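Please find one structure pasted underneath; my questions will follow.
The values are calculated or read from the model by the stated rules, or taken from the named source; none is laboratory data. None of these values were measured; they are calculated from a predicted model. We place every Cβ from the backbone using ideal geometry, glycine too, and count neighbours over all the protein chains shown.
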Amino acid sequence: MARVSDAHLEARRQSILTAATKVFSQKGIASATMAEIASEAGISPGAIYRYFENKETLARGCMSESAEAIQKAWENPHAAEHSFNELARMTFAELNSDEVSVDTQMFLEQALIAVREGRDEGLLPFKEEHRQVMEGIQVLMKREFGEGLRGLDAQTVGEALYSFYWGARLLKMLMPESDPLAQLNEIQKLMSFAIQQNLATSPQ
């Protein structure tokens, strides 16, 4: 029997992810079934399990590689090649992708279940991501704005920006016509003005 090529296996994996993204977007993570995803991909349900252990793993796999790279950059700011403003623009531009919409749905479903059932462990992945990203935001802000942050609580500013990100992410899911990148551009204008004012009034 001829060996299936790596290229064929990767193409099949990508076709499953494409089908899953479409079904998850239409029905939500909880309501979608592996059979529906298999039907959309044109394969048998059992074939999916050769690539993905379960539906949760499949849903996580729907997050694009670029989104994962952006998240890693926030979590490892000292190795980040982009400035704070550049990485922020990349992050908000990514909110326009179907993959991020699916990931948002999956997170909200899991978070609501954890909150209703009083299972704090269900929120641990989010809390750990929050901690790492918050540290990254502060490092990158201090690296880019330096003295412009004098007198400001960088941690609280970072928390506000992180809250703004999740608000924009939720709004994009509820109102697809919203433009998160345009929202960010206006916030960046306000930040730039505030930092310039802070530098102008700071004692030399």
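Among (1) over 26 Å from Pro176 (Cβ atoms); (2) out of contact with any Leu (no Cβ under 7 Å at 6 or more places or on another chain); (3) charged (D, E, K, R); (4) in a helix (DSSP H, G or I), there is one condition Glu129 misses while meeting the rest; what is its number?
Looking at each condition in turn, Glu129 falls short on (1).
Identify the residue in region 43-53 that is without any contact (Cβ under 8 Å) to a residue 24 or more places away in the chain and part of a loop (DSSP other than H, G, I, E, B) and, among all such residues, is surrounded by the most Cβ atoms within 10 Å (Cβ to Cβ).
If we take residues in region 43-53 being without any contact (Cβ under 8 Å) to a residue 24 or more places away in the chain and part of a loop (DSSP other than H, G, I, E, B), then Tyr49 is surrounded by the most Cβ atoms within 10 Å (Cβ to Cβ).
Turning to a different aspect of this structure: Within region 137-165, track down each residue that is loosely packed, with under 15 Cβ neighbours inside 10 Å, of a type in the set (Asp, Glu) and assigned to a helix (DSSP H, G or I).
Result: Glu147, single match.
While we're here: From the list Glu121, Glu128, exactly one residue is at pLDDT 85 or above, assigned by TED's automatic domain parsing to the domain that holds His78 and under 25 Å from the mean Cα position of the chain (by Cα). Which is it?
Being at pLDDT 85 or above, assigned by TED's automatic domain parsing to the domain that holds His78 and under 25 Å from the mean Cα position of the chain (by Cα) holds for just one of Glu121, Glu128, which is Glu128.
Which one of these is of a type outside the set (Lys, Arg) and surrounded by 13 or more Cβ atoms within 10 Å (Cβ to Cβ): Leu112, Leu95?
Values: Leu112 fails: surrounded by 13 or more Cβ atoms within 10 Å (Cβ to Cβ).
That would be Leu95, the only listed residue that is of a type outside the set (Lys, Arg) and surrounded by 13 or more Cβ atoms within 10 Å (Cβ to Cβ).
While we're on this one: I need a count of the residues in region 32-51 that are touching a Phe, Trp or Tyr at 6+ places or on another chain (Cβ under 9 Å) and either assigned by TED's automatic domain parsing to the domain that holds Thr104 or more than 15 Å from Cys62 (Cβ to Cβ) (or both).
Number satisfying all stated conditions: 0.
Follow-up question, since we're still on this one. For region 31-53, enumerate the residues that are among the aliphatic types (A, V, I, L, M) and within 17 Å of Ala11 (Cα to Cα).
Ile37, Ala38, Ala41, Ile43, Ala47, Ile48
Quick one: in region 188-204, of everything that is crowded, with 16+ Cβ neighbours inside 10 Å and aliphatic (A, V, I, L, M), which residue is farthest from the chain's Cα centre (by Cα)?
Only one residue fits best here, namely Ile195.
For region 27-42, give me the residue count where each residue is under 24 Å from the mean Cα position of the chain (by Cα) and assigned to a helix (DSSP H, G or I).
The total comes to 3.
Given the conditions (1) assigned to a helix (DSSP H, G or I); (2) surrounded by 20 or more Cβ atoms within 10 Å (Cβ to Cβ), which single one is not true for Ser101?
(2)
Test each condition in (1) closer than 30 Å to Ala19 by Cα; (2) out of contact with any Leu (no Cβ under 8 Å at 6 or more places or on another chain) for Ile70 and report the one that comes out false.
Tallying (1) closer than 30 Å to Ala19 by Cα; (2) out of contact with any Leu (no Cβ under 8 Å at 6 or more places or on another chain), Ile70 fails exactly one: (2).
Right, next: What is the one condition in (1) out of contact with any Ser or Thr (no Cβ under 7 Å at 6 or more places or on another chain); (2) modelled with pLDDT of 85 or more; (3) not charged (D, E, K, R) that Ser66 does not satisfy?
So Ser66 meets the others, but not (2).
A further question on this structure: Looking at region 115-136, is at least one residue in contact (Cβ under 8 Å) with a residue 40 or more places away in the chain, crowded, with 16+ Cβ neighbours inside 10 Å and of a type in the set (A, V, I, L, M)?
There is at least one residue in region 115-136 that is in contact (Cβ under 8 Å) with a residue 40 or more places away in the chain, crowded, with 16+ Cβ neighbours inside 10 Å and of a type in the set (A, V, I, L, M).
Here's a follow-up. Do we have any residue at all in region 7-29 that's on the phi > 0 side of the Ramachandran plot and of a type outside the set (Ser, Thr, Tyr)?
yes
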